[in-house]
Each structure stands twice: as C-alpha cells, then as structure tokens.
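See structure below.
The values are calculated or read from the model by the stated rules, or taken from the named source; none is laboratory data. All values derive from a computational prediction rather than experimental measurement. Don't worry about glycine lacking a Cβ; one is built from the backbone with ideal geometry, like all the others, and counts go over all protein chains shown. SASA here: full protein model, heavy atoms, side chains in, ligands and nucleic acids out. Shrake-Rupley method; radii C 1.70, N 1.55, O 1.52, S 1.80 Å.
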Amino acid sequence: KNILVIILLVGFLHGLLYVFMTPPWWHHDESGHYLVVRFVADHGYHPAWGEAVPDDLLREELMASFERSAGYLDFIDYTGAEGEELVWWVLAPQSPDPPFYYAVAALPLRLLKNTSLELQVYVLRLLSLSFFVLTLWASWQLNGLLFDEDHPMRWLGTAFLALLPGFINEMTIIGNTPLGVLFFAFFLWAGASLLSKGFSWRMLLLLGASAIACYY
C-alpha cells in the first residue's frame, strides 16, 4: 500500500505539472468542450445540436481569454483584421458527445460563473486530474488480478501510466476522455475480477454500472 500511495502521489504531481504547464485552451477542442459544460451549468440540460453556440457576451470573454493565452491566436492563425472570422473549430461546441461528462463538469462551474475563464479552465482540468488519479488506483486493482498481488508488474504497470507523458496529457484536458478512461478502467477491473475470482454481486454491479457510464 505504501507503493500505491507513492505512485498516486507521483501521478498527481506529474498531472499537476501538465494542468498548469499547458496554457488555457491549447488542448485540442478544449473551447468546444468548455462551451457545452458552460451551457449545462447555465441551463441545466444537455444542449441540442447548435444550441451551445456562445452569445455575444461569452464570445467577447472567450476572445479576451484567447488573447491572454500565450500565442494562442497565432496558433490558430487569427490576426484580428476587420471582418476576419475565427477558424470554425475553435468555437464549435462538442454537443453531439455523450452527456455524462458535461453534467459532472458543470457542477463546479456553477460556483465559478463570475470568475475568470482562465480559473474555470484550470478547475475543469483539475477535475480531469482527479479522474486520472482514480484511474491509477483502478489500474492497481486490475494489475493485482492479472498478476500476483506481490508481483513487480503490479506496481510497474501502474507506475508506467503515472509517468507516461502522452497519457497524462490526455488525462488532464477539458473533455470527456479522462472520465471515459476512468469508467473503462473500472469496467476492466470488474470484468477481470468476475473471471478470476468468480461471481460477486459487488463486482457484477460495478461491471454493469461502469458499462452504462461508458455509454453515456
């Protein structure tokens, strides 16, 4: 258990570095995911196609935040010339995506409506970081079933995830990937437990709940 605590701490600190090292909006589709989270926080339901398009006030706030984010406008080739439009994908809401993540992410955003957009970005990334740490814990449980509980691969496999840059980058974004990965990790753990240890109501319920959660 001491090894698990160390791995979780390392993963948390590594993820924290990615949360704050990447400037706001620089992850792929972060603004689009944010628009859906913001819509759910403001209206209480998941938007239909085209419904989460930002109004003029939110658009101004976003443009101001883009300008404050180091080099973001240069990255999307926006010069600010009169009549110039942003590339379409910057403010394209991810409305067709399943609703579960956005409902969860809207909970803290309801308390942050009057704060800067940058603070909201970092809070939502920290929420994703919490999903990442829980995924590491689920990985530890799964590896304990795939290998002997005292086998080095149990901690090596989990430590590998805690130190894998590309994985951590994806697990600390504003988006539904981190929560989806967490639910699937629980699905794998429950399935492996049923196969290796036999029937358990607790694991059967976890398997079913995680499968439904993955769908949504």
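Do we have Leu146 as open to solvent by 70 Å² or more (accessible area, probe 1.4 Å), more than 30 Å from Pro23 (Cα to Cα) and among the aliphatic types (A, V, I, L, M) here? Criteria met by Leu146.
Conditions (1) polar (S, T, N, Q); (2) modelled with pLDDT under 95; (3) over 28 Å from Gln94 (Cβ atoms), marked per residue:
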{"position": "Asn169", "(1), (2), (3)": "yes, no, no"}
{"position": "Ile174", "(1), (2), (3)": "no, no, no"}
{"position": "Phe184", "(1), (2), (3)": "no, no, no"}
{"position": "Ser193", "(1), (2), (3)": "yes, no, yes"}
{"position": "Leu205", "(1), (2), (3)": "no, no, yes"}
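Taken over the range 1-31, residues that are within 26 Å of Asp74 (Cα to Cα) and either basic (Lys, Arg) or at pLDDT below 95 (or both) amount to 11.
Leu142: at pLDDT 95 or above, assigned to a helix (DSSP H, G or I), within 27 Å of Gly208 (Cα to Cα) and out of contact with any strand residue (DSSP E or B) (no Cβ under 6 Å at 6 or more places or on another chain), yes or no? Considered against the rule, which asks whether it is at pLDDT 95 or above, assigned to a helix (DSSP H, G or I), within 27 Å of Gly208 (Cα to Cα) and out of contact with any strand residue (DSSP E or B) (no Cβ under 6 Å at 6 or more places or on another chain), Leu142 comes out as yes.
Examine the range 157-166 for a residue that is farther than 16 Å from Trp189 by Cβ, open to solvent by less than 40 Å² (accessible area, probe 1.4 Å) and in a helix (DSSP H, G or I), and state whether such a residue exists. Yes, the range 157-166 contains at least one residue that is farther than 16 Å from Trp189 by Cβ, open to solvent by less than 40 Å² (accessible area, probe 1.4 Å) and in a helix (DSSP H, G or I).
Here Tyr34 meets the list (1) of a type outside the set (A, V, I, L, M, F, W, C); (2) closer than 19 Å to Ile174 by Cβ; (3) surrounded by fewer than 13 Cβ atoms within 10 Å (Cβ to Cβ) almost entirely, failing just condition (3).
Yes/no per residue for (1) basic (Lys, Arg); (2) open to solvent by less than 20 Å² (accessible area, probe 1.4 Å); (3) assigned to a helix (DSSP H, G or I):
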{"residue": "Leu17", "(1), (2), (3)": "no, no, yes"}
{"residue": "Ala41", "(1), (2), (3)": "no, yes, yes"}
{"residue": "Leu62", "(1), (2), (3)": "no, yes, yes"}
{"residue": "Leu73", "(1), (2), (3)": "no, no, yes"}
{"residue": "Val90", "(1), (2), (3)": "no, yes, no"}
{"residue": "Asp97", "(1), (2), (3)": "no, no, no"}
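Within the range 106-134, restricting attention to residues that are closer than 27 Å to Ile7 by Cβ and among the small types (Gly, Ala, Ser), the residue that is least open to solvent (accessible area, probe 1.4 Å) is Ser128.
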